[in-house]
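Engineer: Have a look at this one.
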Amino acid sequence: MTFSGPLVVGHDGSKFADFALEWSLEWAKRTGLNIKVVRAWTMRTAPRPATQEIGFVPPAADFEEAVRLALANDISPIIAKYPEVNVETTALRGQPANVLLQASEGASLLAVGPRGLGGFKGLMLGSVSDYVVSQAPCPVVVVRDDQDPTLSEPADKI
């Protein structure tokens, strides 16, 4: 199989996203792919920007920068273990499933965790991972950890 685009990783700050990122970095190290880590955001989900004050709502660009900084902070310990892998980060405004579909155009692979920060813990897949599996323009990998409560067997025994 020939890969030409980056390996896109959806990262929402959850431990499941960390597992997907770690798997992706290992895959990129072995294949020479570049990584593009994507975080979707809306005004409701963005962290408060440093420029926000009482009576002043900052521009959307300030919220986007706050999301980008939070993403960099969340993933820096993980990507530090893979200095040989080229990692780019981006924060895109919109609903997570739509953002990931947009970001995966031209990608070699899209990697996501089975669930994100919201939703129901007993579900096999969250709504975003379920949607991108069926709609993405590239292959999708849903990365599970051996501590995933929906697995009946540890991942290393499957």
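The values are calculated or read from the model by the stated rules, or taken from the named source; none is laboratory data. In this text the structure is predicted, and so the values were computed from the model without any measurement. Neighbour counts run over all protein chains shown; Cβ positions are idealised from the backbone, glycine included.
Engineer: Go through the residues of the stretch 59-76 one by one and say whether even a single one is surrounded by fewer than 16 Cβ atoms within 10 Å (Cβ to Cβ) and assigned to a loop (DSSP other than H, G, I, E, B).
Structural biologist: The answer is yes; a qualifying residue exists.
Engineer: Ala97 passes all but one of (1) assigned to a helix (DSSP H, G or I); (2) modelled with pLDDT of 95 or more; (3) surrounded by 15 or more Cβ atoms within 10 Å (Cβ to Cβ); which number fails?
Structural biologist: Status for Ala97: all satisfied but (2).
Engineer: Here's something else I'd like to know. Of the residues Glu65, Glu84, which is modelled with pLDDT of 95 or more and over 25 Å from Ser108 (Cβ atoms)?
Structural biologist: That would be Glu65, the only listed residue that is modelled with pLDDT of 95 or more and over 25 Å from Ser108 (Cβ atoms).
Engineer: With the structure loaded, tell me whether Val141 is crowded, with 19+ Cβ neighbours inside 10 Å, of a type in the set (Val, Ile, Thr), at pLDDT 90 or above and under 17 Å from the mean Cα position of the chain (by Cα) or whether it fails that test.
Structural biologist: So Val141 fails the test.
Engineer: Cβ contacts < 8 Å: first residue at positive phi, restricted to the stretch 69-94; second residue surrounded by 11 or more Cβ atoms within 10 Å (Cβ to Cβ) and of a type in the set (Gly, Ala, Ser), any location; separation 6+ or different chain. Result?
Structural biologist: Correct list of pairs: Gly94/Ala40.
Engineer: Just for the stretch 112-128: of the residues that are closer than 18 Å to Glu22 by Cβ and modelled with pLDDT under 85, which one is surrounded by the fewest Cβ atoms within 10 Å (Cβ to Cβ)?
Structural biologist: Across the stretch 112-128, the extreme among qualifying residues is Leu117.
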